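To start, the structure under review is shown below, and the notes come after it.
The values are calculated or read from the model by the stated rules, or taken from the named source; none is laboratory data. Given the structure is predicted, the values throughout are model-derived calculations rather than measurements. When we count neighbours, we look across all protein chains shown, and the Cβ atoms used for this are built from the backbone with ideal geometry, even at glycine. Side chains included, ligands, DNA and RNA excluded: accessible areas come from the protein's heavy atoms. Shrake-Rupley method; radii C 1.70, N 1.55, O 1.52, S 1.80 Å.
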Amino acid sequence: MSGFTGVKPAQFDAMTSAHTQAARRLEQLAQALHRELDAAGLDTTPATRLRDLATRVATQAGDLRRRQRLVHELQRQKVTFGTSTPAGSFVELPDTLDAAQALLDGTLAARAARRAADGDTRALAELRAYASRTADAAFVKTFLGVLGAEGVTRLPGSLAAQLRDARDRQATTPLTTTAPHVLSLLATALAKATDPRDPAYLGSTFLKDLTQQGRATHRTGDTTYTGYQAQALIWRAHDGRTPFSREFMTVVGRDAIAYEHDQRKAQWAATGDALGRLFGSTQVPVPDLAGALGLGTLLRPGTHAGVPGARGSSAVVDDLFHAAKSSREAAHALLAHTPPGWKESTLDYLLTTRWRASLYLKDHAPFNDLLITATTGQDPTSRHLAAELTKILSDEVRSAFGKADDGNLKLVNRELFDRYAPLSYPLARAIAANVDELSQLYLNRAHFERVAPEDMSYALLLATSHDAGFEALVRAQTEHMRAALDTVPPVGLDASNAERFGFTQADVKRFDLNGTGRVDRIDTAKFLEDRTVEEAALFSHIVETRRQGLIALGLDAKRTDDALKGMVRDAIGLLPVPGARPISQLAAGAFNETITKGYDKLAGAGFDEIAKYTAQQMSQPGRSLDDTYSTLANNRLAVERLSEQMLATAMLNKGMFDEFSSEGHIFSSGIPPIIKPFAEMTPKEYSKFLEWAREKGESSSLLDRFNGTLHRTTGVLDYLGLQNNSSPEEKS
């Protein structure tokens, strides 16, 4: 056997004893020799060498004694068995001590798991003690190898049945606290053992065995259940730190979804016919064993204990979503797939055919988290899933809206909109992660795979109805505008410095509109204007769609949006200290899943300092940024303030103010005077800088173009099928 050494127990014991005795005698001889040489005034080096030899032999003897104890314990526990050969009887011993210990511990843990499945609560406590060993691949491989797919399935089933019995008897049991920890141990071990990249991998046969056990019927006492109902308890206990692999979701995950589909197909079809609708039939998913036995959240530890308003139950497939959300590869394996014989992809099935079953539990976190993981990456599969999600939800909610008598949007089917409202945030995150597609759709009339501009507009109605989703979209578009402004050539760009500024010789020719061989202030202003108008159009689609959605939902179109106010008030719109970091690097925020409330995570040192400064200023009584920022009335005004900051800063970074002196202004310092870093400006100084920028540069003109485009909503209304050509703001 590879990695093992065959030893004869009797000879091994004799060798261990001989080494121990030899080490002791060598030490005694070294001491005696040292005394003799020292007494004779001779060099004691021979004695020192002999002592070193004694030390090495003693170390070897200690290693042999540890191996001897392990051999005896392995034999006593019948973990290894002797093999008879013509040369005598041998015991197979792992070549390393760690491997031998893992073999012993893994076997004992598996036996404890089996006893626990038989109702031995002391064995359950013993098994829990091995939780720290799951990081050891050799332990995991032995543990699950001995336990097998049948044991992995049987243990959670037994724990659930025992908890149900204790509840029915109103008896206290240590299972209440111990069982969730054991399930967590199983989840970590199972994730490692089913990942081909992990040394603990048990092979494809083990994965297939899990599906066979998952579809099989099991019995504990008088409780009968399917294997997937029990295995799902392990998936729900997963903490995400050892993600499940693509292979696990490809084999087990896909089969679990297909299993529920097969089990519920006829029942779910009945809920959709006329008789089912008459009697209010409900589309119920296959519950996991905790849900089937009415255990609520007893087997869902820590943060996985459900959400307010949920039924306190859980389903097999929803538990699978929870396990898949911690790995993009796993999420893709589960969703980017069309099962054999199906006419729809798995994602399509989950969003349409199965969606009412997801609504039944009222706990959308597992599926929403899975969607965010799967659609916010920057790889082709994430992009494809984001486009598919957008198209499907757009098609589903489109008929919920119509045109009101006043020309604004009207909600004509509230039940339909409410049905998909739980998906508004993951949809917003998917669109935000692909914000560049908005530019392609609305400016270039392109398609985002099957998503046309009109499709995107209806998808945005759903996405922007969620406050945090709307904020994510505005943040993403803010980053997109920053990146767009960074493509503008700086004043003074020519052939000699093009490479230093990150441009090519061809770029210089393209940007030099008047043919002088050098980009001047007029050239830069023209390209700033072009980018400004384009980005304002994208903001317009987001903001006006949000506004129309609020009107349709019966909310005040001019209500204060606290999230967007906060973006401006907390100086989120400020770009980093000039020179601290190229603005182009900030664009990563628009195209990654890291769109969070903290822009400092995206912007680095420049924003770190601004965040500290802003927090300090806001905490002092009577000191805040421009009062205008803290009294915003609507979303458009907030976006205007963001654009004002971005445009003024872009002009500064592009050299539009280089020919003007800032001497005598409170926002500058030094000789010759230079504009202070933004992190060092007081709110008053920053306000004065914006005022100076409007006077000296083209910022007023640019801001006017931005605001004019932002308020021009004809295109948005056309895509939504509304006939009025102006919004109330435009009419006024």
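Taking the conditions exactly as written (surrounded by 12 or more Cβ atoms within 10 Å (Cβ to Cβ) and in contact with a strand residue (DSSP E or B) (Cβ under 9 Å, 6 or more places away or on another chain)), does residue 493 satisfy them or not? It is true that residue 493 is surrounded by 12 or more Cβ atoms within 10 Å (Cβ to Cβ) and in contact with a strand residue (DSSP E or B) (Cβ under 9 Å, 6 or more places away or on another chain). Candidates in the range 353-363 are the residues that are open to solvent by 40 Å² or more (accessible area, probe 1.4 Å) and under 24 Å from the mean Cα position of the chain (by Cα); of these, the one that is nearest to residue 313 (Cα to Cα) is 362. Considering every residue within the range 126-133, establish whether at least one is surrounded by 24 or more Cβ atoms within 10 Å (Cβ to Cβ) and assigned to a helix (DSSP H, G or I). Checking the range 126-133: at least one residue is surrounded by 24 or more Cβ atoms within 10 Å (Cβ to Cβ) and assigned to a helix (DSSP H, G or I). Filtering the range 393-412 to residues that are buried (at least 18 other Cβ atoms within 10 Å of the Cβ) and farther than 17 Å from residue 453 by Cβ leaves 396, 400, 408, 411.
Figure legend. Inter-residue proximity from the range 652-668: first residues over 17 Å from residue 520 (Cβ atoms), second residues open to solvent by 20 Å² or more (accessible area, probe 1.4 Å) and among the acidic types (Asp, Glu), beta-carbon distance below 8 Å, spacing 6+ or different chains. Indicated pairs: 666/685; 667/685.
Taken over the range 678-688, the residue count meeting the criterion of being open to solvent by less than 40 Å² (accessible area, probe 1.4 Å), over 19 Å from residue 481 (Cβ atoms) and at pLDDT below 80 is 4.
Please find, within the range 226-255, the residue that is farthest from residue 207 (Cα to Cα) out of those that are over 15 Å from the mean Cα position of the chain (by Cα) and of a type in the set (D, E, K, R). Looking at the filtered set, the residue picked out is 236.
If you go through the range 448-474 and pick out every residue that is modelled with pLDDT under 90 and open to solvent by 10 Å² or more (accessible area, probe 1.4 Å), you end up with 3. Do we find a residue being in contact with an Asp or Glu (Cβ under 6 Å, 6 or more places away or on another chain) and farther than 17 Å from residue 155 by Cα anywhere in the range 227-250? Among the residues of the range 227-250, at least one is in contact with an Asp or Glu (Cβ under 6 Å, 6 or more places away or on another chain) and farther than 17 Å from residue 155 by Cα, which makes the answer yes. With the structure loaded, tell me whether residue 506 is in a helix (DSSP H, G or I) and without any contact (Cβ under 8 Å) to a residue 12 or more places away in the chain or whether it fails that test. Yes, satisfied.
I'd like to know if the range 415-431 contains one or more residues that are among the aliphatic types (A, V, I, L, M) and more than 30 Å from residue 535 (Cβ to Cβ). Yes, because at least one residue in the range 415-431 is among the aliphatic types (A, V, I, L, M) and more than 30 Å from residue 535 (Cβ to Cβ). Flag: residue 376 does not match the condition of being at pLDDT below 95, farther than 21 Å from residue 461 by Cβ and β-branched (Val, Ile, Thr).
For the range 276-311, the set of residues classified as assigned to a helix (DSSP H, G or I) and at pLDDT 70 or above consists of 289, 290, 291, 292, listed by residue number. Taking the criterion of being outside any helix (DSSP H, G or I) and either at positive phi or out of contact with any helix residue (DSSP H, G or I) (no Cβ under 8 Å at 6 or more places or on another chain) (or both), the only residue of the range 411-446 that qualifies is 445. Considering the range 701-723, and only residues there that are open to solvent by 50 Å² or more (accessible area, probe 1.4 Å) and either among the β-branched types (Val, Ile, Thr) or closer than 19 Å to residue 640 by Cα (or both), the residue that is nearest to the chain's Cα centre (by Cα) turns out to be 712. Taking residue 373 as the residue in question, decide whether it is part of a helix (DSSP H, G or I), surrounded by 23 or more Cβ atoms within 10 Å (Cβ to Cβ) and not hydrophobic (A, V, I, L, M, F, W, C). In short, yes.
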